[in-house]
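Structure first, then comments.
The values are calculated or read from the model by the stated rules, or taken from the named source; none is laboratory data. Model, not experiment: these values are computed from the prediction. As a convention, Cβ positions derive from the backbone with ideal geometry for all residues, glycine included, and neighbour counts pool all protein chains shown. Note: areas computed on protein heavy atoms with side chains; ligands, DNA, RNA excluded. Shrake-Rupley method; radii C 1.70, N 1.55, O 1.52, S 1.80 Å.
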Amino acid sequence: MQLANFPVTTDLVLIGGGHSHAIALKLFGMKPLPGVRLTLITDVSHAPYSGMLPGHVAGFYSFDETHIDLRRLARFSQAQFLRDRAIGLDLVNNKVICANRPPVSFDYLSIDIGSTPATNSIPGASEYAIAAKPVPQFLQAWNRVIEAVTNNPKQPISITIVGGGAGGVELALNMQARLHQVLKNARQSLDNLTIHIVHSGADLLPGHSRWVSQRLQQILFNRGIKLHLQETVTEVLPDKVICRSGLTVECDYIFWVTQASAPSWIKESGIATDSQGFILVKDTLQSVSHPHIFAAGDIATMQHYSRPKAGVFAVRQGKPLFENLQRIILGKKLKAYIPQKYYLSLIGTGDKSAIASWSFFGWESPLLWRWKDSIDRKFMQRFSNLPQMEKDD
């Protein structure tokens, strides 16, 4: 359905190409609203799918297999595509402040920009550690590591990962798998690679079952990954991590995979946030302070539900977000979204096997990897081979 002949009566602006927005854009392409000018503001042209990123790190998936082409998706949804970075909101005049272009006006706004690991509180972390998010910068750094090992496989290399949650553990196992393959191809000793995990807690993977935590700890031990528990990082230097206990871990690369944080401009805009600076939303995914603004994914905190920052919720919020954006524009009553209390986590172990974590239960099997692979590929197929509409300026 072409909308070019309808006069624009409403500006709907989406900031960020996260999972919720990707789904909403696909649905807008299938069910457009006459008179609505849809605009996507994003600082990347390809959005990573978090479910497949560890596999990409391990070399199991290509870049294209793990990234959504946002330009193509915008054309399908007949949205304007603005490649820029949002740095603020003018909530008096309803404008998005961008880094490199004039402010963008909106009648309704939705924000889905994810989160980044918190580094500001640790001296040196912002300067010397490589954050796991934003993903494009992380992947650039990771590709440089692969290139360095490929070009000089005889040179010993040490990597420290700060953070022992699911993300940090999965990253360590998949990094090791990829670099071990590089060393094997070069017929070099696997002992040339050392990986450390520094974690402040007494147990890995807080929020998961004890079996899952202990099983992954055993896998790390079996694969020679050095684990430092109950160690709080107090300073990061270019070649070492210093902990409160006095432990110093020397390394060539430091990756930061700690608790999520929000960009400061969100809170500075005046929109209501939680104590960590994430946008506080109602069950309808509307801001509690500005009902014409919506938020989903990691950047949002639901007022009535305490849930972790996990991709499964961003995916589940996509359709409810789309429906409520359409409903508010059409003047209809909005629907509540109730997130599931328990959710299944499938944690890849870098060897095409996976551990399933559900509430107090856990299970490990290569069958789980194949199941996860099927789920992930099916999700990404939703955004491939989209029929192309007329290109926007």
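When the stretch 341-371 is filtered for residues that are touching a residue at least 60 places away in the same chain (Cβ under 8 Å), of a type in the set (Phe, Trp, Tyr) and not in a strand (DSSP E or B), only Phe360 remains. Residue count for the stretch 234-268 satisfying the condition of being within 22 Å of Glu170 (Cβ to Cβ), among the aliphatic types (A, V, I, L, M) and part of a loop (DSSP other than H, G, I, E, B): 1. Of note, Leu325 satisfies the criterion of being more than 30 Å from Ser213 (Cα to Cα), over 19 Å from the mean Cα position of the chain (by Cα), open to solvent by less than 80 Å² (accessible area, probe 1.4 Å) and at pLDDT 95 or above.
In the set (1) part of a loop (DSSP other than H, G, I, E, B); (2) closer than 26 Å to Ser287 by Cα, the condition left unmet by Pro123 is number (2). If the condition is being among the aliphatic types (A, V, I, L, M) and in contact with a Phe, Trp or Tyr (Cβ under 8 Å, 6 or more places away or on another chain), then the stretch 150-178 contributes Ile157, Ile159, Ile161, Val162, Leu171, Met175.
Every condition in (1) open to solvent by less than 40 Å² (accessible area, probe 1.4 Å); (2) under 23 Å from Ser357 (Cβ atoms) is met by Lys133 except one, and the failing one is (1). Scanning the stretch 58-101 for residues that are without any contact (Cβ under 8 Å) to a residue 24 or more places away in the chain, open to solvent by less than 30 Å² (accessible area, probe 1.4 Å) and in a strand (DSSP E or B) gives a single hit, His67.
Within the stretch 102-118, the set of residues being open to solvent by 20 Å² or more (accessible area, probe 1.4 Å), assigned to a loop (DSSP other than H, G, I, E, B) and farther than 30 Å from Thr9 by Cα comprises Ala118 only.
Take the conditions loosely packed, with under 15 Cβ neighbours inside 10 Å and either farther than 20 Å from Val249 by Cα or in contact with a Phe, Trp or Tyr (Cβ under 9 Å, 6 or more places away or on another chain) (or both) and apply them to Glu147. Does it pass? Yes, satisfied. Within the stretch 20-57, being within 15 Å of Arg71 (Cα to Cα) and assigned to a helix (DSSP H, G or I) holds for His21, Ala22, Ile23, Ala24, Leu25, Lys26, Phe28, Gly29.
Residues are listed down the side, and each one gets a yes or a no for (1) buried (at least 16 other Cβ atoms within 10 Å of the Cβ); (2) touching a residue at least 12 places away in the same chain (Cβ under 8 Å); (3) charged (D, E, K, R):
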site	(1), (2), (3)
His180	yes, yes, no
Ile197	yes, yes, no
Ala202	no, yes, no
Gly207	no, yes, no
Val212	yes, yes, no
Phe221	no, no, no
His228	yes, yes, no
Glu231	yes, yes, yes
Pro238	no, yes, no
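Just one of the numbered conditions (1) part of a loop (DSSP other than H, G, I, E, B); (2) open to solvent by 10 Å² or more (accessible area, probe 1.4 Å) is not true of Ile271; which one? Here Ile271 meets the rest and fails (2).
Is one or more of the residues making up the stretch 211-232 modelled with pLDDT of 95 or more, of a type in the set (Asp, Glu) and closer than 18 Å to Asn143 by Cα? For the stretch 211-232, residues modelled with pLDDT of 95 or more, of a type in the set (Asp, Glu) and closer than 18 Å to Asn143 by Cα: absent. One residue alone among Ser306, Ser289, Ser374 is open to solvent by 40 Å² or more (accessible area, probe 1.4 Å), within 30 Å of Ser264 (Cβ to Cβ) and without any contact (Cβ under 8 Å) to a residue 12 or more places away in the chain, and that residue is Ser306. Screening Phe81, Phe63, Phe76 for residues that are in contact with a Gly (Cβ under 6 Å, 6 or more places away or on another chain), farther than 14 Å from Lys372 by Cβ and among the aromatic types (Phe, Trp, Tyr) leaves exactly one candidate, Phe76.
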